[in-house]
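Values quoted throughout were computed directly from the atomic coordinates according to the rules given, and no laboratory measurement underlies them. As the structure is a prediction and not an experimental result, all values here were calculated from the model. Heads up, the Cβs are rebuilt from the backbone with ideal geometry, glycines too, and the neighbour counts pull from every protein chain shown.
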Amino acid sequence: MEFIKESDVLKEHWKNYQSKFSYVEDISYEDTVEVLEEIKDYFIMEEV
């Protein structure tokens, strides 16, 4: 996940996505990654 968090390429993709779709313009890249981490953690816990 650290690679995703720090990826300048993915951050730039997110900025482009935000500019095209107004429904995500107020959602930061960092918030998106945080939610992905929560989802990942949830599913890892479900497997245990």
At q = 0.15, 0.25 1/Å the base-10 log of I(q)/I(0) from the Debye formula over the alpha-carbon atoms of the chain is -0.46, -0.90
Relative to the chain, whose Cα atoms define the longest principal axis, helix 29-47 and its Cα axis are tilted in degrees, nearest 10, by 20
Distance in nm between residue 40 and residue 5 label points, each 7 Å along Cα→Cβ, equals 0.9
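Taking neighbour counts of Cβ atoms within 10 Å as a proxy for exposure, in what order, fewest first, do 35, 24 appear?
Working: 35 11, 24 14.
The most exposed by this proxy come first: 35, 24.
Let me know the charge dipole size of the stretch 2-47 about its Cα centre in debye, to the nearest 20, where only the beta-carbon of Lys, Arg (+1) and Asp, Glu (-1) is charged. Present the calculation step by step, with values, prior to reporting the outcome.
Details: 5 positive and 14 negative charges, 71 e Å.
Charge dipole, the stretch 2-47, about its Cα centre: 340 debye, nearest 20.
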